[in-house]
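Notes for the one structure printed next.
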Amino acid sequence: MAADPGLTLTIYTAEPESPAEEDLRLLAVWAVARDAAAADARPS
């Protein structure tokens, strides 16, 4: 990445309607929930 050469971006995809796609969607839901919980825990 131009802004910081030490950063990398990794993208995962899966075949539509495959078990792997379902697993990636579940992982995405967990990540959103974790980020929301962390935001709620920050002092205002």
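Numerical summary
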item	result
In Hz, Karplus ³J(HN,Hα) per residue of region 15-27 (6.51, -1.76, 1.60; θ = phi - 60°; x = Gly, Pro)	4, x, 6, 9, x, 5, 5, 4, 5, 5, 5, 5, 4
Listed residue (6, 28, 43) projecting farthest to the positive dipole end of the chain, Cβ model	43
Percent of alpha-carbon pairs separated by more than 16 Å within the chain	60
Calculated FRET efficiency for the pair residue 39/residue 18, C-beta based, R₀ 35 Å, to 0.05	0.65
Modelled FRET efficiency - R0 25 Å, residue 8 with residue 31, Cβ distances, 0.05 increments	0.90
In the chain, GluC sites (Glu not before Pro) in a DSSP loop with at most 16 other beta-carbon atoms within 10 Å	17
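Every number in this text was worked out from the coordinates using simple rules, so none of it is lab data. Note that the structure is predicted; figures quoted are calculated from it, not measured. Quick reminder, even Gly has a Cβ in these numbers, built from the backbone with ideal geometry, and neighbours come from all protein chains shown.
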